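Inspection log for the structure reproduced underneath, given as structure tokens.
The values are calculated or read from the model by the stated rules, or taken from the named source; none is laboratory data. Note that the structure is predicted; figures quoted are calculated from it, not measured. Note that we place each Cβ from the backbone using ideal geometry, even for glycine, and neighbour counts take in every protein chain shown.
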Amino acid sequence: MSVFVNDRAITDLVWNILAADGHLSPVVPLSPTVPMANAPGILGTAVTVSARRIVVTLDLRPATLVARDTALDAIARRMSGLIELRFDSAPTRALTVTCVGVDVQLYTGAHANPGCIVVVSFEASDPTRRTLEPTIATLSTTRRACPIGAQPSAPLLWLYGNATAVVNPVVIVADFRGVEVSRLTLTGVTAARAAASLTTNNALAIDCATQTIDYYVAGVKQTGTEAGLSWYASGVFPILAPEDAAPDLSAWPTVALASTAGAATGLLVYYTGN
């Protein structure tokens, strides 16, 4: 077994890795029950997930007592700060964790010092194991399938203008059957813009995780009354949800663009999680 801390194998610090526990458990979303008057409780709209706790047991066998303390110091330094933790059983997935404990257990009897066992505990506030590299897809008026994992993905979208203005762009998400599940309509009108049109060197950056829109003209981010959110008209920011996919059929949610004039084009970037 190999354990990677910030993309560095920890085996360069220890003799062996004895065990790793907690990284394989699936993420289970929980919805709290809302009490109702004179009626059974109902599930609320909020969704929470419990933090993930991971324990890695290391076998440390230094040659001397001095080397033991030096190795323990090196382990402590490697575990400091915010950590990207990865295991060789899922080399393309990683968790963002913090170290919450380093416990040193000395051997007894014939296996006396300087050998020891080091138990390192990590906690991931976000328990999702996300892909190291994002999925990047071009967008057009043709539906684009977006493979996802077992957890929802909030993409980043770029919508581009061209010589023929793209007027009132729309982002449409459909499930694997082609049934529309959401749309985001952008028809903002301001004093400087008679219509929501993207022309040459204009672009919109839509961050669905933070639900923000940035508007760029010739690479310059617009502010004030021309800020990106002035484009928002109606709808919800796109989310790629596992309930809209059928993995057994290799069928996935799709994203497509539309507009009242011009040919809408763009780019979609997202990470998958399990």
| field | One residue from PRO26, PRO91, PRO35, PRO114 being assigned to a loop (DSSP other than H, G, I, E, B) and over 19 Å from the mean Cα position of the chain (by Cα) | value | PRO114
| query | Which residue out of GLY101, GLY41 is more than 21 Å from PRO127 (Cβ to Cβ), more than 20 Å from the chain's Cα centre (by Cα) and not in a loop (DSSP other than H, G, I, E, B)? | reply | GLY41
| query | If you check ASP88 against the conditions, is it closer than 30 Å to GLN151 by Cβ and among the acidic types (Asp, Glu)? | reply | yes
| message | Would you confirm, using the coordinates I've provided, whether LEU18 is farther than 17 Å from VAL97 by Cβ, among the hydrophobic types (A, V, I, L, M, F, W, C) and in contact (Cβ under 8 Å) with a residue 60 or more places away in the chain? | response | yes
| said: Any residue that is more than 22 Å from ILE136 (Cβ to Cβ), in a loop (DSSP other than H, G, I, E, B) and touching a helix residue (DSSP H, G or I) at 6+ places or on another chain (Cβ under 8 Å) - is there at least one of those in the stretch 242-263? | reply: no
| If ARG130 satisfies every condition in (1) buried (at least 18 other Cβ atoms within 10 Å of the Cβ); (2) modelled with pLDDT of 95 or more but one, which is the exception? | (2)
| Extreme residue, surrounded by the most Cβ atoms within 10 Å (Cβ to Cβ), among residues of the stretch 216-250 that are of a type in the set (Ser, Thr, Tyr) and under 18 Å from ASN201 (Cβ atoms) | TYR216
| message | Exactly one of these conditions fails for VAL170: (1) surrounded by fewer than 16 Cβ atoms within 10 Å (Cβ to Cβ); (2) over 30 Å from ALA67 (Cα atoms); (3) touching a Lys or Arg at 6+ places or on another chain (Cβ under 9 Å). Give me its number. | response | (1)
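Here is a yes/no grid of residues against (1) outside the structural domain of PRO238 (by TED's automatic domain parsing); (2) of a type outside the set (A, V, I, L, M, F, W, C); (3) touching a Cys at 6+ places or on another chain (Cβ under 8 Å):
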{"position": "ASP73", "(1), (2), (3)": "yes, yes, no"}
{"position": "LEU85", "(1), (2), (3)": "yes, no, no"}
{"position": "ALA94", "(1), (2), (3)": "yes, no, no"}
{"position": "GLN105", "(1), (2), (3)": "yes, yes, yes"}
{"position": "SER140", "(1), (2), (3)": "no, yes, no"}
{"position": "PRO147", "(1), (2), (3)": "no, yes, no"}
{"position": "ASN162", "(1), (2), (3)": "no, yes, no"}
| remark: Sole miss for ARG86 among (1) part of a loop (DSSP other than H, G, I, E, B); (2) of a type outside the set (A, V, I, L, M); (3) within 24 Å of PRO29 (Cβ to Cβ) is condition (1)
